[in-house]
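Reviewing the structure listed below.
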Amino acid sequence: MLELQKQMDKGKLTSSELVLRSLERMEKLDGRLRAILAVNPEAAEIAAALDEERLKSGPRSLMHGVPVIIKDSVATKDKMPTTGGTVPLESFFSSKDSFLVGKLRQAGAVILAKSNLHELSYGYATLSTLGGQTLNPYATDRQPGGSSGGTAVAVATEMGVAGIGEDTAGSIRVPAAFNSLVGIRPTVGLVSRTGLIPISPSRDTAGPITRTVSDAAIMLDAIAGYDPEDSITASCVKKIPESYTAFLKPDGLQGARIGVVRELFGDDSDGSAAVNQVINAAIEKMKTLGAEVVDPVEVPRLTEIVDREKYVFEGQAEWQPAFNEFLGWAGDSAPIKSFRELAESGKVGAHVIKMVTDALGAAPPQEDIDYLKTLTFAQRLAETGIHQVMAEHNLDALVYPAVKEPPALIGETQTGAIATGLGARARFPSIVVPAGFTDDGFPVGIELLARAYEEPRLIELGYSFEQGTQYRKPPEVD
């Protein structure tokens, strides 16, 4: 975006031209890749107005005139529905923006399109009843990751300059890894969830999916901040820097101490050997860029923290009440009035109906003992475990593969290979940066995890690694 803004300031490029380029890419590629659910019919008009505004008064921010792809679990008040990829919400045209989309508009972004997702954001394949199966542009017989896979594919193939995803258990980081992109899962509390179709308020957060770390930092500037309607964001007050772009430091890895969490690597079977090879090479590269690597480090009771048999997924108890609260926010524009109506509609995709039905039958959160145990113990174990290992070794971040194996074939299951659960359980921030490719040409993403509100340090580390490696390559889908 920095270079785009320079070109627009010099009159060598316009927002209208950027929007046209993006729409041409959609027309050329999306029939095959199925990343987009809806296009904003007013995008060209909005871009033209922003071009005129730039000439008269200058840009609002570094996002002025930039076309952005929004995951279709994030409400927008324009002429695009907000569907979650599911038929019961097919006719939902929100009367208002989600808080973060409102902030993007204020920053001058063009809300260009809504992207496909794994239906209701509950899964990693990016398969929905409304959008079908999104394909990975690096290997179209493979999954793009999810649940924000449509956003990732659109950004990777230049259907938009940048995108918004949502992450409950890995839904930003997995598709970023599988599409050679940068993804930031912010600290829960940094970015408002008002107007997002929820699963688990304990874990849900939204964040950028971009082609570069600098673009992710610019987007984070635009969307971070306190929202009175999402009380958890009160914790971010006085913890947001003047600009995250101040931390785009090429030497950010110099003297940094990085701990390698070997327990989150695959065991060299089922394709994980190829990913391990790429990640190990990336860690060696971090050393040459000035990092001090502690290998391995152990997060206390890590296996227990991520064990869903011992500690349940918080969303199982939280989903129904959170969804009902979202419908209350949506008001009369919502085509359904309750989670029960969704579950009993007979129109939810077969691949997610069991999770919906289980959530419908779950006890209220305040009465669910397993859920309360998770909140009381598992989240605390994750938070204190990360704090402890980082304190003992004086670490700036933990590192591991975002996903232990290459992208699964269409129709197969990826879930057991996801390594993003530690950060999600702790509600701490992490960044995924391209780490290279397997010998078969599959992208691999490396994840860096830090403590709450340490996004600035993660941006320093991620930017330094990105600039020192330049591993990202665009997909050859033209």
Restricting the first residue to segment 287-301 and requiring it to be without any contact (Cβ under 8 Å) to a residue 24 or more places away in the chain, which pairs with a second residue that is of a type in the set (A, V, I, L, M, F, W, C) and assigned to a strand (DSSP E or B) meet a Cβ separation below 6 Å and a spacing of at least six or different chains?
-> Lys287/Val293
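Quickly run through segment 225-250 and pick out the residues that are within 15 Å of Leu62 (Cα to Cα) and out of contact with any helix residue (DSSP H, G or I) (no Cβ under 7 Å at 6 or more places or on another chain). Full working, then the answer.
So the first thing to find is which residues in segment 225-250 are within 15 Å of Leu62 (Cα to Cα), and the list is 242-246, 248.
Hits for segment 225-250 are Glu242, Ala246.
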With the condition kept exactly as written, say whether any residue in segment 454-467 is surrounded by fewer than 24 Cβ atoms within 10 Å (Cβ to Cβ), at positive phi and either modelled with pLDDT of 95 or more or not in a helix (DSSP H, G or I) (or both).
-> no
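Right, Glu412: of a type outside the set (Val, Ile, Thr) and out of contact with any Lys or Arg (no Cβ under 7 Å at 6 or more places or on another chain) or not?
Working: of a type outside the set (Val, Ile, Thr): yes; out of contact with any Lys or Arg (no Cβ under 7 Å at 6 or more places or on another chain): yes.
Answer is yes for this residue.
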Out of (1) crowded, with 19+ Cβ neighbours inside 10 Å; (2) touching a helix residue (DSSP H, G or I) at 6+ places or on another chain (Cβ under 8 Å), the odd one out for Phe326 is which?
-> (2)
Contacts under 6 angstrom Cβ, first residue in segment 105-132 being within 26 Å of Ala322 (Cα to Cα) and in contact (Cβ under 8 Å) with a residue 40 or more places away in the chain, partner in a strand (DSSP E or B) and basic (Lys, Arg), 6 or more apart = Ser115/Lys71; Leu117/Lys71
Condition check for Gly252: over 30 Å from His118 (Cβ atoms), buried (at least 22 other Cβ atoms within 10 Å of the Cβ) and out of contact with any strand residue (DSSP E or B) (no Cβ under 9 Å at 6 or more places or on another chain) = yes
Which residues, taken from segment 7-43, are without any contact (Cβ under 8 Å) to a residue 40 or more places away in the chain and small (Gly, Ala, Ser)?
-> Gly11, Ser16, Gly31
Go through segment 71-116 residue by residue and tally those that are part of a helix (DSSP H, G or I) and closer than 19 Å to Ile218 by Cα.
-> 8
Here are some conditions: (1) at pLDDT 95 or above; (2) over 21 Å from the mean Cα position of the chain (by Cα). Asp78 meets all but one. Which one does it not meet?
-> (1)
Flag for Glu392 being surrounded by 15 or more Cβ atoms within 10 Å (Cβ to Cβ) and either in a helix (DSSP H, G or I) or at pLDDT 95 or above (or both) | no
Of the numbered conditions (1) in a loop (DSSP other than H, G, I, E, B); (2) over 16 Å from Gln277 (Cβ atoms), Glu405 satisfies every one except a single condition; which is it?
-> (2)
Out of all the residues in segment 12-22, is one or more surrounded by fewer than 20 Cβ atoms within 10 Å (Cβ to Cβ), assigned to a helix (DSSP H, G or I), under 25 Å from the mean Cα position of the chain (by Cα) and of a type outside the set (Asp, Glu)?
-> yes
Check whether at least one residue in segment 361-384 is touching a helix residue (DSSP H, G or I) at 6+ places or on another chain (Cβ under 8 Å), of a type in the set (Phe, Trp, Tyr) and over 24 Å from Ala450 (Cα atoms), and report yes or no.
-> yes
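Residues Pro443, Pro401, Pro474, Pro429: which one is in contact (Cβ under 8 Å) with a residue 12 or more places away in the chain, more than 23 Å from Asp204 (Cα to Cα) and buried (at least 24 other Cβ atoms within 10 Å of the Cβ)?
Going through Pro443, Pro401, Pro474, Pro429 in turn, just one is in contact (Cβ under 8 Å) with a residue 12 or more places away in the chain, more than 23 Å from Asp204 (Cα to Cα) and buried (at least 24 other Cβ atoms within 10 Å of the Cβ): Pro443.
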Elements of type strands (runs of 3 or more DSSP E) in segment 159-221, at least 3 residues being within 20 Å of Val110 (Cα to Cα), small (Gly, Ala, Ser) and under 12 Å from the mean Cα position of the chain (by Cα) | 162-167
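Among what's in segment 40-52 and is surrounded by 18 or more Cβ atoms within 10 Å (Cβ to Cβ) and in contact with a Leu (Cβ under 8 Å, 6 or more places away or on another chain), pick the residue that is nearest to Thr129 (Cα to Cα).
Asn40
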State all residues of segment 51-106 that are more than 22 Å from Tyr122 (Cα to Cα), touching a strand residue (DSSP E or B) at 6+ places or on another chain (Cβ under 8 Å) and of a type in the set (Lys, Arg); if no residue qualifies, say none.
-> Arg105
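Filter segment 327-346 for residues that are hydrophobic (A, V, I, L, M, F, W, C) and either in contact with a strand residue (DSSP E or B) (Cβ under 8 Å, 6 or more places away or on another chain) or touching a residue at least 40 places away in the same chain (Cβ under 8 Å) (or both); which is farthest from Gly84 (Cα to Cα)?
Of segment 327-346, the ones hydrophobic (A, V, I, L, M, F, W, C) are 327, 329-330, 334, 336, 339, 342-343.
The next check asks that each one be either in contact with a strand residue (DSSP E or B) (Cβ under 8 Å, 6 or more places away or on another chain) or touching a residue at least 40 places away in the same chain (Cβ under 8 Å) (or both); those that pass are 329-330, 334, 336, 342.
Values: Trp329: 16, Ala330: 14, Ala334: 12, Ile336: 13, Leu342: 12 Å.
For segment 327-346, the residue satisfying everything is Trp329.
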For segment 412-439, how many residues meet the condition of being part of a loop (DSSP other than H, G, I, E, B) and at pLDDT below 95?
-> 5
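The values are calculated or read from the model by the stated rules, or taken from the named source; none is laboratory data. Treat the numbers as computed from the prediction; the structure is a model and nothing was measured. Don't worry about glycine lacking a Cβ; one is built from the backbone with ideal geometry, like all the others, and counts go over all protein chains shown.
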